[in-house]
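Worksheet: one structure, shown below.
The values are calculated or read from the model by the stated rules, or taken from the named source; none is laboratory data. Predicted, not measured: the structure shown is a model, and the values here were computed from it. In this analysis, Cβ positions are derived from the backbone assuming ideal geometry, glycine residues included, and neighbour counts consider all displayed protein chains.
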Amino acid sequence: MSLSYRRLKLKKADRSPILPGYASIRRDRPGEAASGGLMSFIKHSLTFREDSRRSSDIATFEVSSFYVKVTRHRWLNIVNCYLLPARTIANVDSPTPITSLDFLPATEDTLIRGDLNAHSNLWDFVQPTDSRGELVTDWILEKDMVCVNDGSATRTNRATGELSSPDITLVHSNWSDKVEWSVGEDMGSATRRVVNSRPRWRRNGVDWEPFRASVEEAVLELDESEPLVKRIGQFNSILINAAKEHIGKCKRGPRSNDWITPEVRAAIKKRNRLRRQGSSKRQEWVEA
């Protein structure tokens, strides 16, 4: 399990937050006085390594990348990124407009989680498609990537209350059936928490007899003259195929929220309460 955060509002001199049970990778926004940047937390039980080649010092976009080991010889490249809006709050065009997304990796083992400040009906069912959204859509098609968003809003505009989905999750098509996407518990902030998880095999309510019979029948057809390594691969395939047919997968339960401590949950409840009170408590909500 890993967590990604963007627009941290931390200055370079500020200490990094500590999350018990997790290692962290931090990427500050360029500039001496700048605040913001990216941060990822990776569970200690995972084997990972940082990809410094994908880190960016360009003011228009921020990229932080790391690899998580998923099998003996396979690593998943997880990318945390933030693209500045095409226009600033003062309605001034960005000094360095983004015309290409080639700074992002697009290998067969890539997962990208980011706030791209882009809107397209491919992932945002509320806001109209913009030029950044068309750029991202073209890149997705060109690189054989898949957007796993389901259209749910990921952000609430603090000034207007309007919903949008600037946060998207992209994976290579090889991973499209291995990743689930959902909007998690309301954190009370402008941006809602996005959850990406890999489904796990069911444990409860399973009729194991058909599974056992299917495996035993298939094992009898294995050719004992084949090399041991090949037979191991065939046996693994037999187990997986039988499990798909007779067991199935399910979503992870509430334990995936083990990082939400009582203090964090209390702060979330306070922000949500202020948020529901509307404009009369807007300033208190922002400060909370």
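Quick look at the numbers
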| read-out | value |
| --- | --- |
| Residue in the stretch 113-131 that is farther than 30 Å from Phe48 by Cβ, modelled with pLDDT of 85 or more and assigned to a helix (DSSP H, G or I) present | yes |
| Close pairs (7 angstrom Cβ cut-off, 6 or more residues apart or separate chains): over 17 Å from Asp115 (Cβ atoms) and at pLDDT 85 or above in the stretch 165-186, part of a loop (DSSP other than H, G, I, E, B) and hydroxyl-bearing (Ser, Thr, Tyr) anywhere | His172/Thr107 |
| Condition met for Val195 (under 13 Å from the mean Cα position of the chain (by Cα) and modelled with pLDDT under 85) | yes |
| Tabulated pairs, the stretch 72-87, first assigned by TED's automatic domain parsing to the domain that holds Leu38, second of a type in the set (D, E, K, R) and buried (at least 19 other Cβ atoms within 10 Å of the Cβ), C-beta under 6 angstrom, 6+ apart or interchain | Asn80/Arg113; Tyr82/Arg6; Tyr82/Glu62; Tyr82/Asp115; Ala86/Arg132 |
| Candidate set: the stretch 39-67, residues that are of a type in the set (A, V, I, L, M) and modelled with pLDDT under 85; chosen: the one surrounded by the fewest Cβ atoms within 10 Å (Cβ to Cβ) | Ile58 |
| Pair list, Cβ < 7 Å and 6+ apart or interchain, from the stretch 27-54 residues that are in a loop (DSSP other than H, G, I, E, B) to residues that are among the hydroxyl-bearing types (Ser, Thr, Tyr) and modelled with pLDDT under 85 | Arg29/Ser35 |
| Residue count for the stretch 240-249, restricted to those that are part of a helix (DSSP H, G or I) and surrounded by 15 or more Cβ atoms within 10 Å (Cβ to Cβ) | 3 |
| Residues of the stretch 68-108 classified as of a type in the set (Asp, Glu) and modelled with pLDDT under 65, total | 1 |
